[in-house]
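The values are calculated or read from the model by the stated rules, or taken from the named source; none is laboratory data. Not measured: the values here are computed from a predicted model. When we count neighbours, we look across all protein chains shown, and the Cβ atoms used for this are built from the backbone with ideal geometry, even at glycine. For accessibility, only protein heavy atoms count, side chains too; no ligands or nucleic acids. Shrake-Rupley method; radii C 1.70, N 1.55, O 1.52, S 1.80 Å.
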Amino acid sequence: MAEKLEPAKVLYCGVCSLPAEYCEFGPDFGRCKPWLIENAPDLYPDLLKEANEKGADKVSDQLQSVGISSGGADGAQSSAQTGGTSKKEEVKRLPGGKLKKKERQEVIIEKVVRNKRKCITIVKGLELFGIKLSDASKKLGKKFATGASVVKGPTEKEQIDVQGDIIYDIVEFITDTWPDVPERSIFFIEDGKKVQAG
Amino acid sequence: MFKKFCLEEISSQNQVKASVQRRIRQSIHDEYPGLETVVEDLLPKKSPLIVVKCPNHLTLVVVNSVPLFFCIRDGPYMPTLRLLHQYPNIMKRFQVDRGAIKFVLSGANIMCPGLTSPGGVLDEEVEAERPVAIYAEGKQHALAIGFTKMSAKDIKSINKGIGVDTMHYLNDGLWKMERLD
């Protein structure tokens with residue numbers, strides 16, 4: 001029997017989870033850099049050099065500023081830096097490095113007729129207000145005494161289907177139960193056109 | 001293959017019966033003789049082996065909630081990249097040139113010229129329709145797992161079009177799913 005293979009240890013980047021050597025091709029090399037400098041300095045010798053130069057620049061900058069207006073400028077600089085980092089984290093990223101577009105918060109209500117005399121009311125977009133769809137569907141079902149279910153709609157988005165035509169007072173119900181949802185962000189779809197409710 | 005892949009895509013996961021486990025273990029054993037000594041550690045007989053089925057005829061073999069192997073239809077079982085990184089010598093190796101890395105990491109299939117150029121290396125023994133590990137010029141670790149479309153000799157002589165289908169690559173959906181609960 002051959003000697004037992006030992007699992008090899010691979011260094012994975014703590015930021016983007018790729019093996020460290022592939023960080024440069026990863027989704028966000030810029031953010032990996034500090035981690036790489038700390039944990040895998042030998043993989044990217046250029047990076048280290050760059051960082052050193054930058055560091056040197058900063059030090060000299062600071063020295064200058066201290067020389068000009070002792071102390072005060074220093075504090076301002078550090079506060080500006082922290083502000084910058086927190087802003088960066090806010091931006092969520094999709095795979096591929098594209099920025100995520102913030103979706104407009106609106107609830108769209110649509111009536112679909114089936115079997116000529118029966119219809120379904122579809123409510124889309126409640127999740128954008130931080131409402132749990134399963135809870136919402138339960139509440140809707142209870143209020144209107146009909147079946148209400150969470151369904152995967154087109155384009156993989158979840159929506160609530162409620163049996164029956166409840167358009168007449170769903171708006172009131174939504175604004176009453178979830179005060180977060182303003183009336184002006186509720187829309188009906190009538191003849192393929194978006195119409196504001198209320 | 002795994003460009004978009006998340007927990008929602010799982011259609012069923014079962015702990016499979018012993019005979020199926022034996023079959024899976026046997027086929028992995030046959031496919032990767034290099035793993036012979038560690039198969040027992042990877043797929044311990046005691047801990048339950050879970051087979052996760054996903055759309056597109058995709059099956060994952062999961063042990064202790066870590067995905068280890070995947071296969072498509074009745075194709076050969078292929079290790080996930082994390083596993084391959086630990087045991088780099090179990091698969092035949094292809095190497096692509098540096099220019100191709102970017103594309104492979106965004107999920108492109110591997111074109112013949114990327115393998116035949118000076119930065120690329122071909123293992124001449126590889127037949128068509130075999131799993132291979134894709135390495136990159138100047139890098140130590142594999143960056144993708146592929147399924148050859150033509151034999152290595154053909155890749156060399158035709159030198160055009162898709163040579164290897166990329167199945168699983170770094171930072172795709174399966175890679176991000178480190179653990180599966």
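Which one of B:K46, B:K53 is part of a loop (DSSP other than H, G, I, E, B) and either more than 14 Å from chain A (Cβ to nearest Cβ) or at negative phi (or both)?
Among B:K46, B:K53, only B:K46 is part of a loop (DSSP other than H, G, I, E, B) and either more than 14 Å from chain A (Cβ to nearest Cβ) or at negative phi (or both).
Which is open to solvent by 20 Å² or more (accessible area, probe 1.4 Å) and under 19 Å from A:Y22 (Cβ atoms), of B:K156, B:K139? So that I can check it myself, show each step before the final result.
Numbers: B:K156 fails: under 19 Å from A:Y22 (Cβ atoms).
Matching residue, one of B:K156, B:K139: B:K139.
For segment B:144-160, indicate whether the set of residues that are touching a Leu at 6+ places or on another chain (Cβ under 6 Å) and more than 13 Å from B:M111 (Cα to Cα) is non-empty.
Checked against the condition, which is being touching a Leu at 6+ places or on another chain (Cβ under 6 Å) and more than 13 Å from B:M111 (Cα to Cα), segment B:144-160 yields no hits at all.
Could you identify the single residue in B:V61, B:V38 that is in contact (Cβ under 8 Å) with a residue 12 or more places away in the chain and in contact with a helix residue (DSSP H, G or I) (Cβ under 7 Å, 6 or more places away or on another chain)?
Answer to the check: B:V61.
Out of B:L35, B:L83, B:L68, B:L7, report the one residue that is within 14 Å of another protein chain (Cβ to nearest Cβ) and surrounded by fewer than 12 Cβ atoms within 10 Å (Cβ to Cβ).
Among B:L35, B:L83, B:L68, B:L7, only B:L7 is within 14 Å of another protein chain (Cβ to nearest Cβ) and surrounded by fewer than 12 Cβ atoms within 10 Å (Cβ to Cβ).
Among the candidates B:K53, B:K149, B:K102, single out the residue that is under 20 Å from B:L7 (Cα atoms) and open to solvent by 30 Å² or more (accessible area, probe 1.4 Å).
B:K53
Those residues that are of a type outside the set (A, V, I, L, M, F, W, C), open to solvent by 30 Å² or more (accessible area, probe 1.4 Å) and within 25 Å of B:K176 (Cβ to Cβ), I need them from segment B:38-50; list them, please.
Hits for segment B:38-50 are B:D41, B:P48.
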